[in-house]
Amino acid sequence: MTTVEHLIEDIDLGPDIGPGEVWLVGAGPGDPRYLTLEAFHALAQADDIVYDALVDPRTLRLVPRADKHFVGKRCDRHSIAQDDINTLLITLARGNRRVVRLKGGDPFLFGRAAEEVSALRNAGIPVRVLPGLTSSLAALTRAGIPLTLRGVNEALVLVTGHVANNHRQADWRALARIGQPLIIYMGLKNIRHITDELLAGGLAPETDVAVIMSASWPGERVFMTTLEKACEDSIRECFTPPAILAVGKTVALRNRFSV
């Protein structure tokens with residue numbers, strides 16, 4: 001037995017998944033190293049894993065015995081509707097299966113977990129949610145960008161750059177005026193609008209921006225630019241989703257803290 005295995009033996013990993021239960025589990029940013037022990041414990045018990053597009057294949061290979069169901073969504077591509085995902089989870093649970101709904105990052109951060117929990121509870125299905133390391137925080141730390149630094153920022157704003165039809169967009173001009181770093185999820189498609197609005201809100205053209213693509217995945221890339229050049233640079237560098245945009249004073253400190 002290795003030292004790590006010995007240590008895990010002494011940790012209470014919580015209850016086991018019961019037949020007919022659904023657990024929503026945060027997979028972290030991608031690399032299986034960022035799974036929590038609790039998440040790994042849940043995966044090891046699963047009969048079925050219902051996973052999204054931000055789950056790294058290496059994580060799925062850790063649990064070869066479970067049946068896998070891909071329900072990933074990608075912008076501008078045909079994808080399974082949320083109601084159909086809910087129905088699949090309910091159907092599997094009613095078949096007395098142990099179901100893990102595996103979601104990239106943390107289930108409750110831009111992950112639509114609340115909708116799935118509501119649907120399951122309305123159907124009388126026992127459900128539990130396990131936290132995961134959200135992708136943006138992992139992305140910035142891996143890139144050597146401090147999330148906070150005394151004397152530089154007192155807050156950090158997490159905001160989505162993509163919203164569904166008929167939902168209100170973020171007020172980018174108002175966010176520009178608060179003077180705190182922004183971490184923007186799913187912002188690549190609307191990067192021109194976002195950067196134009198942040199400039200209109202008063203951020204300087206030379207404000208530092210980091211574009212981090214596929215954080216912790218084998219194809220991870222980090223590109224440093226400025227607010228006025230971020231759109232053109234992202235196109236020129238062929239950046240594609242999933243990507244995180246980090247905007248603000250702490251971004252400029254990467255040269256000091258990156259390894």
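Note on region 1-28: residues that are more than 23 Å from residue 91 (Cα to Cα) and modelled with pLDDT of 95 or more amount to 1.
Here's the yes/no breakdown for (1) closer than 22 Å to residue 123 by Cα; (2) assigned to a loop (DSSP other than H, G, I, E, B); (3) not β-branched (Val, Ile, Thr):
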| position | (1), (2), (3) |
| --- | --- |
| 30 | no, yes, yes |
| 38 | no, no, yes |
| 87 | yes, no, no |
| 92 | yes, no, yes |
| 101 | yes, no, yes |
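Flag: residue 155 matches the condition of being among the hydrophobic types (A, V, I, L, M, F, W, C), without any contact (Cβ under 8 Å) to a residue 40 or more places away in the chain, exposed (fewer than 13 other Cβ atoms within 10 Å of the Cβ) and assigned to a loop (DSSP other than H, G, I, E, B). Which members of region 185-204 meet the condition of being touching a Ser or Thr at 6+ places or on another chain (Cβ under 8 Å) and farther than 22 Å from residue 238 by Cα? Answer for region 185-204, where residues must be touching a Ser or Thr at 6+ places or on another chain (Cβ under 8 Å) and farther than 22 Å from residue 238 by Cα: just 198.
Determine whether region 169-192 contains at least one residue that is part of a strand (DSSP E or B), under 23 Å from residue 53 (Cβ atoms) and touching a Phe, Trp or Tyr at 6+ places or on another chain (Cβ under 8 Å). Among the residues of region 169-192, at least one is part of a strand (DSSP E or B), under 23 Å from residue 53 (Cβ atoms) and touching a Phe, Trp or Tyr at 6+ places or on another chain (Cβ under 8 Å), which makes the answer yes.
For residue 97, the requirement of being basic (Lys, Arg) and not assigned by TED's automatic domain parsing to the domain that holds residue 51 is not met.
Scan region 214-240 for residues that are touching a Leu at 6+ places or on another chain (Cβ under 8 Å), under 29 Å from residue 59 (Cα atoms) and not in a loop (DSSP other than H, G, I, E, B) and the total you get is 1. Here the condition is being under 18 Å from residue 105 (Cα atoms) and either surrounded by fewer than 20 Cβ atoms within 10 Å (Cβ to Cβ) or at pLDDT 95 or above (or both); of 235, 183, it holds for 183 alone. Does any residue of region 122-133 turn out to be surrounded by 13 or more Cβ atoms within 10 Å (Cβ to Cβ) and over 28 Å from residue 84 (Cα atoms)? No, there is no match, as no residue in region 122-133 is surrounded by 13 or more Cβ atoms within 10 Å (Cβ to Cβ) and over 28 Å from residue 84 (Cα atoms).
When the residues of region 212-233 are filtered to those that are of a type in the set (Ser, Thr, Tyr) and without any contact (Cβ under 8 Å) to a residue 24 or more places away in the chain, the one that is nearest to residue 54 (Cα to Cα) is 225. A single entry from 150, 142 fulfils the requirement of being more than 30 Å from residue 50 (Cα to Cα) and either over 22 Å from the mean Cα position of the chain (by Cα) or not small (Gly, Ala, Ser) (or both): 150.
Just one of the listed residues (129, 117) is part of a strand (DSSP E or B) and either at pLDDT below 95 or in contact with a strand residue (DSSP E or B) (Cβ under 7 Å, 6 or more places away or on another chain) (or both), and it is 129. As a summary of the residue check, residue 124 satisfies the conditions (1) at pLDDT 95 or above; (2) within 18 Å of the chain's Cα centre (by Cα); (3) assigned by TED's automatic domain parsing to the domain that holds residue 55 except for the one numbered (2). Filter region 4-28 for residues that are assigned to a loop (DSSP other than H, G, I, E, B) and under 15 Å from the mean Cα position of the chain (by Cα) and give the result. Of everything in region 4-28, just one residue is assigned to a loop (DSSP other than H, G, I, E, B) and under 15 Å from the mean Cα position of the chain (by Cα), namely 27. Filtered by the rule that a residue be crowded, with 21+ Cβ neighbours inside 10 Å and within 27 Å of residue 213 (Cα to Cα), region 33-54 gives 34, 35, 39, 43, 49, 50, 51, 52, 54.
The values are calculated or read from the model by the stated rules, or taken from the named source; none is laboratory data. Please read these numbers as outputs of a predicted model, since none were measured by experiment. Cβ coordinates were reconstructed from backbone atoms using ideal geometry, including for glycine residues, and neighbour counts include every protein chain displayed.
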